[in-house]
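**Q** The following block contains the structure, expressed as structure tokens.
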Amino acid sequence: MTSRGTKYWNSGAIPLIAPEILGDIISEVADIGIVISETGTVLSVLANPAHDTFQRLENWEGKDIRAALNVESVPKFENRLAVFLRGEKAVRPVELNHSADSGRWEFPVRYSFHRIGPDGAILLLGTDLRPIAEMQQQLVKAQLALERDYEIQREHDTRFRVLMENITEPVMFVSIQTGEITDANPAACTLVDTARGRLIGQQFNAIFEGRKRGDLVDGLTTQAISDQNAITRTELRGKGQAVTIQPTLFRAAGDRILLCRISAVDDSSAGADDLTRNMHDLFLSTPEAIIFASESGEVLSANDAFLEMIDVAHDINLRGRSLADFLQRGSVDLKVMIENATRAGRMRMYVTKIAGEYGSPRAVEISVTRLHAAGHAVFAFVMRDASQADAVRTTGAPASDESMHSVAELVGSASLKEIVAETTNVVEKMCIETAVKLTMNNRVAAAEMLGLSRQSLYVKLRKFDLLSRDTDDGN
């Protein structure tokens, strides 16, 4: 009953509902329910228990609802309230943004207007729009991110297409799975005398003489994986023109692709091409071990002879490792060879031992040459197995020759014990002189090479009068 004695509900279809029960129903079916007067004063606030954030809104009671709306929502509320008070039917819900007293946060609510009695009370049933607003924001962000991705993709496509158009070297992209040409630049189309539209989708082997799909594509794939910088030579079908193919393997969108750089063979450069092929064949087939290394000693490439020497299956297992790992004296040997080759451009017949991961050390003779490659220094090491050699090489130092003559003169004038002692001194002096010379008077490296401590080396240098000789040479 209202204060005037009238009933809120008077219908045969709907039973009478007590006010306290009605409040529970409203708070359950709506996120928020607000009872206001016709002037907009808040009479009661019914918040859904599931929404903790709405529980704090009960302090709105007795205040004007306009004070809880932001600036943009006040005119919308007044217009929709005026339409409702005029008694128009089917008044549409209105979306209003509420703001807290501090103004730091806002939340949108959709309200529908309902009369709940003849005393002028109006019930606003509200639906929280924050989940919808958050979803809309996520959709907007996703749309913006998608558009940015499209822009980046279009930019990359444009760059790729401009690059392909301006590359003078014929280039084709070939799918390993199907063997079909997926793209080609104008230079490639000109080389095979076929329009790009007809070339794309065609079998790659079809443009070459006597080539089967499996043989050509599989061979190029193996060549690209081995990374030996090998070149496949073939002829264009119907033209008889000799070309070379250099493949590069990569993966894109789950498909393995071959980037094939195709070059026409020029007869004028046949001599240079023959030299390249001959040098490559020599590198692969020579019985001498050949290693290319950087200035720091990292292995760049090695031939099969070196792989057999250290018992390694493939040079992929060597790349990036230091050559010192396989030398008997490690970094001392490597430093001596690189420093001498850097100073003189080459070094001949350096004797040391080399061993692999599992094999025993074997004696080798190493020649080192310093090369220039793309502005960087590269060192070529040529190794010969000297384990079966019978000849003993000498350093040829003048002091050592004099010592040998003096030893020979002792025969007949001294006992064997004295001669052996003198011979030991001669050999010891020769070894020390050789170590000092190879290390360019680096006493620490020479001591490591001889297996001596630095103190012991200085004692022997004084013993053989080599310390003062080095000082005199330096002056």
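**Q** Can you pull out the trypsin sites (Lys or Arg not before Pro) in segment 66-151 whose DSSP state is coil and whose Cβ has at most 15 other Cβ atoms within 10 Å? Write down the numbers at each step before the final one.
**A** Numbers: sites: Arg66, Lys76, Arg80, Arg86, Lys89, Arg104, Arg110, Arg115, Lys141, Arg148; in loops: Arg86, Lys89, Arg104.
Here the trypsin sites (Lys or Arg not before Pro) that fit, given the DSSP loop and packing criteria, are Arg86, Lys89, Arg104.
**Q** Enumerate the amide H contacts of Lys353 below 5 Å, restricted to partners 5 or more residues apart or on another chain; note that Pro and chain-start residues carry no placed amide H.
**A** The answer is Gln328, Arg329, Val364.
**Q** If you don't mind, another one. Of Lys429/Lys463; Lys63/Lys89; Lys76/Lys141, which ones are farther than 18 Å apart at the Cα?
**A** Working: Lys429/Lys463 9 Å; Lys63/Lys89 28 Å; Lys76/Lys141 28 Å.
Going by Cα-Cα distance, Lys63/Lys89; Lys76/Lys141 fall outside the 18 Å limit.
**Q** Can you list residues from other chains, or at least 5 along the same chain, whose modelled amide H is less than 5 Å from the amide H of Ser44?
**A** Counting only residues 5 or more places away or on other chains, the set is Val35.
**Q** Just in segment 272-352: which GluC sites (Glu not before Pro) are loop by DSSP and have at most 13 other Cβ atoms within 10 Å? Don't jump to the answer; show the numbers that get you there.
**A** On the way: sites: Glu288, Glu295, Glu298, Glu308, Glu339; in loops: Glu288, Glu295.
Loop-located and lightly packed - Glu295.
**Q** Can you put His376, His280 in order, fewest other beta carbons within 10 Å first? Present the calculation step by step, with values, prior to reporting the outcome.
**A** On the way: His376 9, His280 14.
By the 10 Å Cβ count, ascending, the order reads His376, His280.
**Q** For every other residue with a beta carbon closer than 15 angstrom to the beta carbon of Glu288, add +1 if it is Lys or Arg and -1 if Asp or Glu, then tell me the sum. Could the numbers behind the result be given before it?
**A** Details: positive: Arg348, Arg362, Arg384; negative: Asp281, Asp304, Glu308, Glu365, Asp385.
My count for the surroundings of Glu288 gives -2.
Laboratory data are not the source of any read-out in this text; all were calculated from the coordinates shown. Since we're looking at a predicted model, the values are computed, not measured. Heads up, the Cβs are rebuilt from the backbone with ideal geometry, glycines too, and the neighbour counts pull from every protein chain shown.
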